[in-house]
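Visitor: Supplied in structure tokens, the structure appears directly below.
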Amino acid sequence: MTTPAAPEIAELEEQERRLTFQRFTHDDAWALGTLLVGLAREREAPVAVDIRRGGQQLFHAALPGSTPDNDAWIDRKRRVVERYGCSSLLVGSRFRAKGTTFEDSSRLDPDTYAAHGGAFPITVTGAGVIGTVVVSGLPQVEDHKMVVEALEKFLAE
């Protein structure tokens, strides 16, 4: 099985424009997190899931096969979204498009920040980015795609 290629920058930007909320409550975090856990269980994916609004963790789950390293990756990817206001995969892709890497050119500590796929901004219309939803445990593009799939399903309801 081959790892899927990362989406193009334009597609990643379009995902962020499209996948926005009118509001985001504690109950929304629970429902979105539960949806992500359901997707992961169906696929027997060894992931951890984290949802935050502002500085508060509203949802966290670690599925079988995940490890404490996944929590460390969640924190590093989440910090990228908080700093740049867009998905961790988009940030990394923008650096690669310039012929460099996030690690080489961001001037940020790679033990604190990781521009690898799986962290996505929770954007509320009229308020901007208010939180993050993160998956860690799969190859980065698959982490990202799982988050996008869950957001698409959640927002379609």
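Visitor: Along the Cα→Cβ direction, 7 angstrom out, place labels at ALA156 and SER105. What is the inter-label distance in nm?
Guide: 3.6
Visitor: If the label point is 7 Å along Cα→Cβ of ILE9, which residues in the range 81-108 have backbone nitrogen under 18 Å from it?
Guide: Backbone N within reach: 81, 84-107.
Visitor: Label-point separation (nm) for PHE95 and ASP71, each offset 7 Å from Cα along Cα-to-Cβ?
Guide: It works out to 2.5 nm between the two label points.
Visitor: Then there's this: In the P(r) worked out for the chain, what percent of Cα pairs fall beyond 28 Å?
Guide: Considering the chain, 13 percent of its Cα-Cα pairs are separated by more than 28 Å.
Visitor: Using a 1.4 angstrom probe, figure out how much accessible area the chain has per residue, in square angstrom, rounded to the nearest whole.
Guide: For the chain, the per-residue accessible area is 50 Å².
Visitor: Another question about this same structure. For the residue pair ARG18 and GLN57, what label-to-label distance in nm results when each label sits 7 Å from Cα along the Cα-to-beta-carbon direction?
Guide: The answer from the label model is 3.2 nm.
Visitor: Of the heavy-atom accessible surface of the range 15-157 (probe 1.4 angstrom), what whole percent is carbon and sulfur?
Guide: 48
The values are calculated or read from the model by the stated rules, or taken from the named source; none is laboratory data. Just so you know, these numbers come straight off a predicted model, no measurement behind them. Neighbour counts are summed over all protein chains in view; Cβ atoms, including those assigned to glycine, are modelled from backbone coordinates with ideal geometry. Only protein heavy atoms, including side chains, enter the accessible area calculation; ligands, DNA and RNA are left aside. Shrake-Rupley method; radii C 1.70, N 1.55, O 1.52, S 1.80 Å.
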